1. Pull up all non-local amide H partners of residue 196: gap of 5 or more, or a different chain, and H-to-H distance under 5 Å with H placed in the peptide plane.
2. Can you list the lysines whose alpha carbon sits under 27 Å from that of residue 235, skipping same-chain ones fewer than 8 residues off?
3. Counting only C-alpha contacts under 8 Å and six or more residues apart, can you give the relative contact order of the range 179-253 as a whole percent?
4. So what are the ³J(HN,Hα) numbers for the range 113-119, from phi and the Karplus equation (6.51, -1.76, 1.60; θ = phi - 60°), rounded to whole Hz, Gly and Pro as x?
5. Using the Cα centre of the range 140-259 as the reference point, and only Cβ charges (+1 on K/R, -1 on D/E), how large is the resulting charge dipole? Debye, rounded to the nearest 20.
6. At 0.36 nm per residue, minus the direct Cα-Cα distance, what do residue 154 and residue 112 gain on full extension? Give it in nm, one decimal, please.
7. Given H placed 1.01 Å from N in the peptide plane, which residues other than close sequence neighbours of residue 143 have an amide H under 5 Å from its amide H?
8. Taking every pair of alpha-carbon atoms in the range 140-259, give the share separated by more than 17 Å as a whole percent.
Amino acid sequence: MSTAAVIGIAVGVVVVLAAIAVLTLARRSDVRGAGALSGETMQRDRAARRDSGTESPDAPASASEVEAAGVAARSTEPAEVEDKELVPWTPPDPEALGVTRRQFFNRANVVLMGAGLGGFAAASFVGFLWPSGTGGFGGSVTVGKLGAIKDGIKQGGGFFYVPEARSWITAYPPESLPAAETVYPESLLTAMRAGIVVLSQKCPHLGCRVPECATSQWFECQCHGSQYNRAGEKKGGPAPRGMDRFPATISPTDVVSIDTGTVVAGPAIGTNTTGQEAEGPHCTGGGEH
């Protein structure tokens, strides 16, 4: 299954979970929706019904009424009763009752959570499915002129490191091209015919960064001892293949660009197109297996 398909499924799952959460919270908030009256409102309505005689006198008194009756019983002063006109009852506005404070906050929480999940899904979609740019690792990295790169290889004792591309560039001998053309794809042969080979710094064993060994003139991984000749072909250790490669293009003006978005798997164990053996002591234990 492709990466785009996996991410598409993940985004779909996030959207479904968000919809379930919205429906659940909305249903819960509607439990005290339209028609849910506060205790104070119910108390006022009840007192009005008693004053108008519409409520049964046998109905139990409220706590405030009991307290008022106790205060009146303890008082020695005659109680003054004011004549009050009955206020006509006005039914409450259903729209006002339908949006209580609790329901307002519940709906606000639902909206904010939905917006957060939607933003996360959108960010995931853009971050993983949007085409990568042309600069930096993961795209095309311009290294420089071919001649300057070859000079850098000589100055580096046979190795030239490009940190922006996370790759090594070494010289490839022209006399080894007939053997290379039987092993490597055309996307790699362009650079090899120009006299260079571009290798990923990542060890195909467990992903460690593979350093050069100046004494043996090989690449030798310090993590588990995998060894490769200067062309990245496996010579020893637990790695399952040679070092992975990046295709490179050379413009008409001899500018070299590395396509770090395309990784070509290293050659199979036993491939040795250059015939290069260790030229000195190893930096790690082992040797050719």
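What follows draws every value from the coordinates through simple rules; no lab data is involved. Remember, predicted model here, so these are calculated numbers, not experimental data. Cβ atoms come from the backbone with ideal geometry, glycine included; neighbour counts cover every protein chain shown.
1. Residues meeting the amide H criterion: 172.
2. 150, 154, 202
3. That works out to 30 percent.
4. For the range 113-119, the Karplus-derived couplings read 5, x, 5, x, 5, x, x Hz, x marking Gly and Pro.
5. Details: 12 positive and 11 negative charges, 48 e Å.
Charge dipole of the range 140-259: 220 debye, to the nearest 20.
6. This chain segment gains 9.1 nm when fully extended.
7. Residues meeting the criterion, in which the H sits 1.01 Å from N, are 256, 257, 258.
8. Values: 3760 of 7140 pairs.
Roughly 53 percent, rounded to a whole number.
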